[in-house]
Structures are given as C-alpha cells and as structure tokens.
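Structure first, commentary second.
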Amino acid sequence: MYIREKLSAEIKNIIALGLDKTLESGAFSIDEKPEIFLEIPREKNHGDYSTNIAMQLPKQAKKAPRFIAEALIENLEIQGTSVESVEIAGPGFINFRLKPQWHYQALEEIKSLGDQYGKSQKHAGKTYNLEFISANPTGPMHMGNARGGAIGDILASIAAWSGYDVTREFYINDAGNQIAKFGDSLDARYRQLLGEDIPFPEDGYQGEDITDHMRDFIAINGNNYLKWEEADRKKVLIEYALNKNLDKMKSDLGAYGINYDVWFSEQSLYDSGAIDETIKVLKEGGYAYEENGALWFKATAFGSEKDDVLIRANGLPTYFMADIAYHMNKFVDRQFDRCVNVWGADHHGHVARLKGALTAVGVNADNFEVVIMQLVRLLRDGEVARMSKRKGKAIALTDLIEEVGVDATRFFFNLRSPDSHFDFDLDLAIEQSNDNPVFYVQYAHARICSILRQMDEEVNMDETVDYACLVEKEEMNLLEILSDFPEEILVAEEKMDPSRITRYTIDLAAGFHSFYNACRVRVEDVELMKARVHLIKAVRQVLQNALGILGVEAPERM
RNA sequence: GCGCCUGUAGCUCAGUUGGAUAGAGCAACGGCCUUCUAAGCCGUGUGCCCGGGGUUCGAAUCCCUGCAGGCGCGCCA
C-alpha cells in the first residue's frame, strides 16, 4: 500500500471512530452514516487533507454544520497517528494537518520499488483487451491514427500498471466492402499501367500508394495476370498489396513505439464460421429477423431508433455483423474480462448498437467500453485542411514522426484528454518543436543525470539518510508530487484518460525545476547533500516510470 | 429533426465523489547565469466559467432550456 492510500485510510478511520463516539455521546443523532470523503485542499493553509462530513449531516442531524464539526472534532483521537492537528474552517470543513515526516515515506517506497513504483494490484487477475487504431489496411496510416495510437498504447500501459493483464490488439479489416474497393482500385491501376485504357473506379482509392504497389507488382510478375479472370486476379492483387501494407503498418507502428500482441483478421471470422455461429445465436435469441431480403438486428429492443442490417440482401454480412462476431470472440472464446476500444468520434453512433448486440448474445455489455476520441483537424497555413484517405490527402503518420519526432508526437497527442477537439497546426508543430513541453520534462531528467555525473563520489543508497534535512517548500512540494504518482495512474485508468499522465510528468518536472533553482544538491553539508541525492534520484526514477508509460525517452543528456 | 462531444484568461487547455479566494502553459512585461545544463527559475496582469432558469448550506461541476462549433444518424466502415 502506498503512503497516500495509507494516510487516506488512516484519516478516514479516525473520522469514523470519532463519529461513532460522537453519536454515543448524544450530541446529535443520524439515521444513516455517510460515506466519508477526503480531499486534498487546493489551498496549502487548509491543511493536508480535508473532509466535508459535517456539511453532509445537517439534514439528518438537524444541527448546523459547524456545531456538528465541533462535536466531531472533540471526539477525534489523533494521539499516535500521522495527524498533527485538526481544525474547523469555513462553513464546516474539518482540516487535517499531518506530521511532516509522512513526506519522506515516498522516498523509501521509490527506493525500494524502483521501476515498479506506481504499479498496483488493483485489477490483478483480470484480462483486458485494448483494441486501437485498427486502421483500414488499404493504405498508409495518417495523423488521426497517430492520436488514436498514442491514446490506445498509453491507455494499455496504464491498465497494465493498474494490474490488468493487457492485450494490445489491432483488428484488420481485410474483408467486406473496403477490400472489394481496394481490389477494384488495384486492378484498375494494374491494367492501366499495362496499357489498357479503362476508367478508374469513381469511389476507388486514388492514393499514389495503389499505383506504387502495382508498379512493384508488375516489376515482379509482369503482365502474367492480365489474362486471368478478373475476380481471381483481384484476389491475387489484394493479397499482395494487403501483405505489403500490413508489413508497413507493423514497422511504422513499431517505429512509433507501438507493438501489438494480436493482429486479428476480420476474414478469419468468416473462415472459422464465427459469423455463422453469431447469426445462429442472434436468431435463437429472437433478435434477428428477415425483411426485404436482408437479415436485421432488432436494435430497437435496446433503445435504438431503428434496427440495423446484419446481412445485406446480396448475402454479404455488414461490418456491424462482423463486429458482433468479433466481440463475441473476445468475450466468449477468449474470455476477456474487459474489452476497450479506441474509436474516432465519427464512429460513436456504433457504440450503442454494438452494446445492444452484445447484450443480445449474452455478453455483459458493461465490460465493453469505448473511448471516443474527437477527431484531429489539420490546420495548414491557418486554415482547416480536410483529410481524406481516399483521395490520399492525409498527412502520413511516417511523415509526421519524421518531422516532429516520436517523443514529441506521442507526448503531443496525449496532452489533451481524448474528448477534446484537437487542432493540429502543422506549421506550428514543426516550428514549435523546440517549445514542446516534452523537452521541458526530458530536460528535468537530463539535469538530474548531469548533477549525479558530477558528484565527487557516489552516494551509497543503502546507507540510512536523515530525510528530515529536507525542509524547504520546494522539497516538500516535490515529495508530495512524487507520492501522488500511484494514485494518478489509477485515476487515469478509471477515467480512461491517458493525458493525465502526460500532465503529471509536466507537474513533476516543474516541481523539480523549481527545486533546482532554489536548492543546490552539491552542498558542503554532507547529510543534506545525501538527502537531496536521494530526493533527485527518486524524481529521476518516477520521471522514468511515467515517461515509460508514455513511451517517451528519458534522455541522460540534452 | 434526433443522438454524442465541446464551450473556462488574448490563444491552447486543467479543474478529482458538487467545496473554501477558478488554475497552468503560450503570448506580453520586469528580474535571475564567475557556483550542479537559462530547453530553466522568480515576479506582474487578465475572467459575464456561452446565455437563462432550477436543485442546495455551497454549482464551472448536477437537472431543464436556449445559443454556437465538431461528429454521427447507410443494405459504408
């Protein structure tokens, strides 16, 4: 248990015991004991912890908040606890001031846990599937995928730090309409390159990459496939280009710091019979019916306005159909306790009906959650530029990384919460790269490394040190930030907001930079020097842990 | 028309289960390097928390309603 948890539990216990005693004394009576909430006040002079319990009770107790607070405070037993003093403030807050020694606890924890500091067992034993990006493999990834990738990958790390057994998964849309269109586009380019005068499909993929694929393909195979049946030829072309694209995706994402545990093929759902099986389950449950030659899902049974098509009149299952089968596979076949997807805002309409469908097939849809990420708008020359994959106009992920760098890209896309709308100013991003907060954080790490390099002799970390030397307000502040880290991870997990960790690193770096300017580490006073070395080593460790979650380098020199 | 997201300082955004005097960064201005990295620190100013109602001890936060922007509402994915 980390220090913050301990303190919180200890103080809540003091309050609970005090409340019992107060009730026994007959100062007031209540029907039902409230849940005790503690908060860390913004204002430092409001103490270290604060509770509003006295303000929750007036109605039941029929007494004024301050009266309740005073009665309660009489009965609080703080002897032998971490609490130094208690006081009533404002409309009836009870504020707790702690003995300052608690601060040093975090240093011990960090020293003993090292790169494990911040990990929790809260969700130990549970499996967690996180699906993200899942970009169509019909072309290169773009900037929108970069945001989804950063969010998903970091969310996965946060879940793992919270104790989950995490699987990072990429769903390959290698079946259905998109792929047919992909095949049409490839085929048209193939034949055009070989001299046939045929039109390019109107809704085909116009990107250069399609042409490039076919040029390469022709370099290997020439016009051998021209005489094939069109359908067969398309199959060959699709397989060729798809594999090329997937290889590229894997390497591009690897370069971006993302490595998946599972690449799951949509086509495999067809091949394995999972689609048919799912249809059977839906039909048996009475949630599928036929109309106008199509098979429909009774989404209206789950609050939707209209039903959705599962199998088109032409016999082909919809994307929705495959997605139901896919999630049944996750929950039923692979038995994941929890499945989370990161989707762009343009897919949010899909959430409710998929949840409905999962309920229909007997899955507890509460274990399925979607992080909706607002779309990235691209600003170029101060104007909104439309990103279109089909027309090949999107900024490629690889270009972005090359220009901005992996660290800055990951950091930048995690600076804001997923549901904030995001304008990506291309000109600014390139120009601003020096101004990017990622350098601010990395600089703190590099500075610490620099100090340690210059120490006359290594400080023996096994020797006991008098932490009580650390008394400056910058030191206290730094210690508090360090002790917040474990809880910050849990909150980020609960809220599914990875940007909290990014902001945490900024806070920690700011705390360090302030300390650095206010206090010297290499001082004459050996005890103080040792204590400060312990402090900055702890900061370095936590920076490494936090940046590790973000997938950002912690450089030793800058 | 219906649904989801957003609206907080000049700009980009935080704001924990409703809490005390609403906070950061950027931009602007003024200081701090013969001493551990100035990619840094310290200081100065700014608010109709989109408008209007309501709930209560207490609202940026919850409810209703209006306005503005983004995104959906397909036998596309």
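With a probe of 1.4 Å, find how much accessible area the range A:436-550 has per residue, and write the answer as a whole number in Å².
Numbers: 4780 Å² over 115 residues.
Ligands and nucleic acids excluded, the figure is 42 Å² per residue.
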Quickly work out the A:Q79-to-A:N517 label distance, labels modelled 7 Å from Cα along the C-beta direction, and quote it in nm with one decimal.
-> 4.7
Taking a crude spin-label model, label points 7 Å out from Cα along the C-beta direction, the A:D216 to A:D276 distance in nm is 3.6
Mean-position separation - Cα centroids, the range A:296-360 and the range A:101-149, in angstrom | 27
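Tell me, in nm to one decimal, what length is gained between A:E463 and A:A345 on full extension, where the rule is 0.36 nm per residue of separation less the Cα-Cα distance?
On the way: separation 118, 0.36 × 118 = 42.48 nm, distance 5.40 nm.
37.1 nm is the gain from fully extending A:E463 to A:A345.
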Based on DSSP, what percent of beta bridges with both residues in chain A are antiparallel, to the nearest 5?
-> 50
Would you mind getting me the FRET efficiency between A:Q192 and A:D232? Use the beta-carbon distance for r and R0 = 25 Å, nearest 0.05.
-> 0.85
Qualifying lysines (Cα of each under 18 Å from Cα of A:K235; at least 8 residues distant if same chain) = A:K181, A:K227, A:K244
Which whole-number percentage describes the relative contact order of chain A, with Cα contacts under 8 Å and a sequence gap of 6 or more?
-> 16
State in Å² the accessible area per residue of the range A:3-99; use a 1.4 Å probe, count heavy atoms of protein chains only, and round to the nearest integer.
-> 56
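By the gyration tensor of its Cα atoms, with a ≥ b ≥ c the square roots of the eigenvalues, what is the shape of chain A: rounded for a/c under 1.5, prolate for a/b over b/c, or oblate?
oblate
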If the cut-off is 13 Å between C-alpha atoms, which aspartates and glutamates fall inside it for A:K250, apart from same-chain ones fewer than 8 positions away?
-> A:E169, A:D261
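Rank by packing, highest mean first: peptides A:129-136, A:148-155, A:548-555, A:536-543, with packing defined as the count of other Cβ atoms within 10 Å averaged across residues.
A:148-155, A:129-136, A:536-543, A:548-555
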Taking a point 7 angstrom from the Cα of A:M455 along the C-beta vector, which residues in the range A:505-536 have backbone N less than 13 Å away?
-> A:521-523, A:526-536
Would you mind calculating the relative contact order of the range A:3-99 from Cα pairs under 8 angstrom and at least 6 residues apart, reporting the percent as a whole number?
-> 29
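May I ask you to list the GluC sites (Glu not before Pro) in the range A:15-49 that are in a DSSP loop and have at most 12 other Cβ atoms within 10 Å of their Cβ?
Details: sites: A:E24, A:E32, A:E35, A:E39, A:E43; in loops: A:E32, A:E35, A:E43.
Counting only loop positions with at most 12 other Cβ atoms within 10 Å, the GluC sites (Glu not before Pro) in the range A:15-49 are A:E32, A:E35, A:E43.
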Step through the residues of the range A:30-47 one at a time and calculate ³J(HN,Hα) from phi using the Karplus curve (6.51 cos²θ - 1.76 cosθ + 1.60, θ = phi - 60°), rounding each to whole Hz and writing x for Gly and Pro.
-> 9, 7, 9, 6, x, 6, 8, 10, 10, 9, 9, x, 5, 6, 5, 7, 8, x
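Do any of A:K122/A:K537; A:K33/A:K330; A:K355/A:K495 go past 30 Å between their Cα atoms, and which? Let's see the in-between values first.
Details: A:K122/A:K537 27 Å; A:K33/A:K330 42 Å; A:K355/A:K495 19 Å.
Result: A:K33/A:K330 exceed 30 Å.
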Spin-label proximity, A:K126 to the range A:328-344 - amide N less than 18 Å from point 7 Å beyond Cα toward beta carbon = A:330-332, A:334-342
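Determine the per residue accessible area of the range A:177-255 with all protein chains present and a 1.4 angstrom probe, expressed in square angstrom. Can you show the working numbers first?
Values: 4290 Å² over 79 residues.
Per residue, the range A:177-255 has 54 Å² of solvent-accessible surface.
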Using a 1.4 angstrom probe on heavy atoms only, work out the carbon and sulfur share of the accessible area of chain A in %.
-> 46
Compute the distance in nm between two label points, each set 7 Å from the Cα along the Cα-to-Cβ direction, one at A:K244 and one at A:N223.
-> 2.0
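The values are calculated or read from the model by the stated rules, or taken from the named source; none is laboratory data. In this text, all values refer to a predicted model and were calculated from it rather than measured experimentally. For neighbour counting, all protein chains shown are included, and Cβ atoms are generated from backbone atoms with ideal geometry for every residue, glycine included. Just so you know, the surface numbers come from the protein's heavy atoms only, side chains and all, with ligands and any DNA or RNA stripped out. Shrake-Rupley method; radii C 1.70, N 1.55, O 1.52, S 1.80 Å.
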